[in-house]
Amino acid sequence: MSDRFRVAVVGATGVVGTTMRALLSERKFPASEIVPFASARSAGRELDGVPVRPLIDGVDLEGFDVALFSAGAGVSREWAPRFVAAGATVIDNSSAFRRDPDIPLVVSDVNPHALEGHSGLIANPNCSTMQMVVALAPIHRAAAIERLVVATYQSVSGTGKRAIDELEAQARATLNGSEMPAPEVYPEPIAFNVIGAAGSFADGDDHTDEERKMMFETRKILEDESIGVAVTCVRVPVRVGHSLAVNLQTREPLSAEQATELLSSAPGLVVEDVPTPLRSAGHDEVFVGRIRRDESHPRGLSMFVVGDNLRKGAATNAIQIAELLVGDRELLAGDRGAARAA
Ligand SMILES: NC(=O)c1ccc[n+]([C@@H]2O[C@H](COP(=O)([O-])OP(=O)(O)OC[C@H]3O[C@@H](n4cnc5c(N)ncnc54)[C@H](OP(=O)(O)O)[C@@H]3O)[C@@H](O)[C@H]2O)c1
């Protein structure tokens, strides 16, 4: 049996897909072939010397071991099951399957055990949740988190390539003394501004979809439905790197010094005084700082968590999951392997 794997990258022309392709090479993923897929708009393009395959009826999906999806929830709903049916294990970056109780929602350093017995589809969490739970998991294991109050400061790359272009065009126009182009991606200008509601509102809901994702996904990944989560998601004019101001209370006492010690030795985390998105960009780790006692509560702690949303918030975690899978063929096959063996 070959020890190299055929990999499909779906959404390969986007900001997450581009980061995925770079990381597969940077991390020396044991790929025999990496095939880029995107929309019909990208037909004729080549990426890393390989023609992009448009996802249209009749496209060849056979023979992939792993498919990394980052092309939006609609594309995932339609095409991920087709890749699974053709034999691939899909790791999906969109929100399409995260709420399905039968589909594991995995952060490689937090709940890799959830991969066992998967049925071909694995969900990668939302970027802000991903970064936050890497920092929360060691605290939750030691002292059981009872409640979280979080404000995010999310960069525009979290919305994709068009949003980066929008920030840059608005900033350039302002600095050149011209009129700012009208916003298209966000409801308000994002350059030199802050938008106090990141994501969109479903009918009648007073929380955005980003906020709902953080509330739901935090509990699913930490496997504790009792955790209270209050969250405000905010969009800021930062290119790459999401930041989160996190206030939490634990059920058991935990001092700021103990929390700092726990986080200093936790996988995937770097403790520093005041992390910033600019410094986090290009790194796979999550950075945590400002760890301090919340003087308003006997078991309260506050901290500031920062990470590269395109890396650990999306591509790095997806590839870390793929690395776990290809390191163990039974794990890669999931319950399909068990079905074959039975
Ligand atoms: N950005 C982040 O920080 C982040 C973090 C976690 C998860 N995600 C998720 O990752 C996904 C992609 O995000 P992104 O930021 O990379 O967006 P993006 O830069 O806008 O890229 C979108 C990608 O999807 C492809 N695509 C769009 N419609 C398609 C279709 N009908 N068929 C096939 N391919 C299609 C695009 O191909 P064309 O170039 O051909 O249009 C492009 O490759 C989203 O589900 C997002 O929620 C993003």
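Straight distance only, please: which lysines reach the Cα of LYS28 with their own Cα at less than 29 Å, same-chain residues fewer than 8 apart left out?
Excluding near neighbours in sequence, the set is LYS161, LYS312.
With every protein chain present, what is the per residue accessible area of the chain (1.4 Å probe, Å²)?
Normalised by residue count, the accessible surface of the chain is 44 Å².
Stokes-Einstein D for the chain at 20 °C, 1.002 mPa s, Kirkwood Rh over Cα pairs, in µm²/s?
103 µm²/s
Put +1 on the Cβ of each Lys and Arg and -1 on the Cβ of each Asp and Glu in region 241-342; which of SER264, GLY334, PHE287 then has its Cα farthest toward the positive end of the dipole?
GLY334
What three numbers, in Å, describe the spread of the alpha carbons of region 195-273 along their principal axes, ordered from the longest?
Over region 195-273, Cα extents along the principal axes are 43, 33, 19 Å.
Placing +1 at every Lys and Arg Cβ and -1 at every Asp and Glu Cβ, with all other atoms neutral, what dipole size does the chain have around its Cα centre, in debye to the nearest 20?
In total the dipole reaches around 340 debye.
Going toward the positive end of the dipole of the chain, with +1 on Lys and Arg Cβ and -1 on Asp and Glu Cβ, which of PRO275, GLY204, PRO253 do you reach last?
The Cα lying farthest towards the positive end belongs to PRO275.
Using each residue's phi in region 26-34, evaluate 6.51 cos²θ - 1.76 cosθ + 1.60 at θ = phi - 60° and report the 3J(HN,Hα) Karplus result to the nearest Hz, with x for Gly and Pro.
4, 8, 6, 4, x, 9, 7, 7, 10
Give me the percent of the accessible area of region 10-155 that comes from carbon and sulfur atoms, probe 1.4 Å, all protein chains in place. Walk me through the numbers on the way to the answer.
Working: 2720 of 5440 Å².
C and S atoms contribute 50 percent here.
How far is the Cα center of region 278-342 from the Cα center of region 129-152, in Å?
For region 278-342 versus region 129-152, the Cα centre distance is 12 Å.
List the residues of region 132-169 whose backbone N lies under 16 Å from a point placed 7 Å from the Cα of ALA230 along the Cα-to-Cβ direction.
Answer for this model: 146-152.
From the phi angles alone, apply the Karplus equation (6.51, -1.76, 1.60; θ = phi - 60°) to region 288-299 and give each ³J(HN,Hα) in whole Hz, x where the residue is Gly or Pro.
Coupling constants for region 288-299: 10, x, 6, 6, 8, 5, 8, 5, 8, 8, x, 10 Hz.
Of ALA137, VAL149, THR316, which is farthest on the positive side of the dipole of the chain, counting Cα position, with +1 on Lys and Arg Cβ, -1 on Asp and Glu Cβ, and the Cα centre as origin?
THR316
If the elastic network links every pair of Cα atoms under 10 Å, which of VAL288, VAL84, VAL133 fluctuates the most in the Gaussian network model of the chain?
Result: VAL84 has the largest fluctuation of those listed.
Efficiency by 1/(1 + (r/R0)^6): what FRET value for ARG172 and ARG27, r their Cβ-Cβ distance, R0 = 35 Å, to the nearest 0.05?
The computed FRET efficiency comes out at 0.55.
Go ahead and set up a Gaussian network model of the chain, Cα springs under 10 Å, then flag whichever of ARG41, ARG299, ARG311 fluctuates most.
Result for the chain, Cα springs under 10 Å: ARG41 fluctuates most.
Per the Kirkwood treatment, what hydrodynamic radius in Å, one decimal, follows for region 265-309 from the mean inverse distance over all distinct Cα pairs?
Taking every pair of different Cα atoms in region 265-309, averaging 1/r and inverting gives 11.3 Å.
Quick one: what are the phi-derived ³J(HN,Hα) couplings along region 104-121, Karplus 6.51/-1.76/1.60 with θ = phi - 60°, whole Hz, x for glycine and proline?
The phi angles translate into x, 10, 10, 10, 4, 8, 10, 9, x, 4, 5, 5, 4, x, 4, 10, x, 10 Hz.
For region 1-160, what is one quarter of the convex hull surface built on the Cα atoms, given in nm²?
Value for region 1-160: 11.2 nm².
List every residue whose amide H lies under 5 Å from the amide H of VAL9, counting only residues 5 or more places away in sequence or on a different chain, with H placed 1.01 Å from N in the peptide plane.
Result for VAL9 returns VAL35, PHE37, LEU68.
The values are calculated or read from the model by the stated rules, or taken from the named source; none is laboratory data. Since we're looking at a predicted model, the values are computed, not measured. Here the Cβ is made from the backbone with ideal geometry for all residues, glycine too, and neighbour counts use every protein chain on show. Note: accessible area is taken over every heavy atom of the protein model, side chains too, but ligands, DNA and RNA are not part of it. Shrake-Rupley method; radii C 1.70, N 1.55, O 1.52, S 1.80 Å.
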